[in-house]
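Let me begin by presenting the structure, written as structure tokens, before commenting on it.
The values are calculated or read from the model by the stated rules, or taken from the named source; none is laboratory data. The structure displayed is predicted, hence computed values, not measured ones. Glycine gets a Cβ as well: all are built from the backbone with ideal geometry, and neighbour counts include every protein chain shown.
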Amino acid sequence: MDKFESIAEFTKLRQECVFCKTPMRVHLTNFVGLTDTGLAVINAPLKNDRFEFKIEHTTPSFKINANVFIDAGTNTLIFDNFTNGELPSIDEYVVKQTFEDYRPHIELYCPSKKCGLSYHLVGQSIRLVKVHPVAGMWTIQPFGLSIEAARVKSYVIHNDWHNKKSFIYSRNNEEAKPIQVALVDFTTMDKQKLITRIQTIVTFS
Ligand SMILES: [Zn+2]
């Protein structure tokens, strides 16, 4: 699978929505599942080629606060001012592990309510590698596209380009097995065609 050398490269993958041509927005978020009930711990918009956010994480044995700065162009991440509230300093590898455990990823998404298809592209989870001698500074490993997705009413369509398949999930029943079909190529259809296609598939399967 193709990997992108930097976040900035990944954002060039799709600059406008395939359905409504609205410019795609970029944010860094974490995996919360298909429904709206999950709460994103991280939800940082890309501004001036940077993401800035805080992580606050409590476990029975420790508590972490850290400021996080990510430069999308140079593909570097900095953990700053990290503490566990009890010790004056906490190992940056613990902070790094906590961050990775959230399964953080870059998402490109169509923000148009009028479009209504929530077209989005999800990058693979961010992994960090320590190449900088500077304390708190990490490099983001190249990552690929995880899924291309859209919503039609209560259904979510996940496109797996690697295996040329689409998976249709019901948001009303996240536990149900998705319906698996040959790849639904969004670039070859408009909004109405997609809606008709998905409704036909879910009706007859
Ligand atoms: Zn759109």
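A few remarks follow.
- Within the stretch 121-138, the set of residues being over 19 Å from Glu107 (Cα atoms), part of a strand (DSSP E or B) and in contact with a Lys or Arg (Cβ under 9 Å, 6 or more places away or on another chain) comprises Met137, Trp138.
- Single residue of the stretch 1-51 satisfying the filter (away from the ligand (no atom under 16 Å from the Cβ), assigned to a strand (DSSP E or B) and crowded, with 16+ Cβ neighbours inside 10 Å) that is modelled with the lowest pLDDT: Asn30
- The stretch 86-112, subset at pLDDT below 95 and assigned to a loop (DSSP other than H, G, I, E, B), residue surrounded by the most Cβ atoms within 10 Å (Cβ to Cβ): Ile90
- None of Val134, Val152, Val122 is over 18 Å from the mean Cα position of the chain (by Cα), under 24 Å from Ile70 (Cα atoms) and β-branched (Val, Ile, Thr) except Val134.
- In the stretch 135-157, the residues that are more than 20 Å from Gln180 (Cβ to Cβ) and touching a strand residue (DSSP E or B) at 6+ places or on another chain (Cβ under 8 Å): Gly136, Met137, Trp138, Thr139, Ile140, Gln141, Pro142, Phe143, Gly144
- For Ser166, the conditions (1) within 16 Å of the ligand (Cβ to nearest atom); (2) surrounded by 20 or more Cβ atoms within 10 Å (Cβ to Cβ); (3) small (Gly, Ala, Ser) are fulfilled apart from (1).
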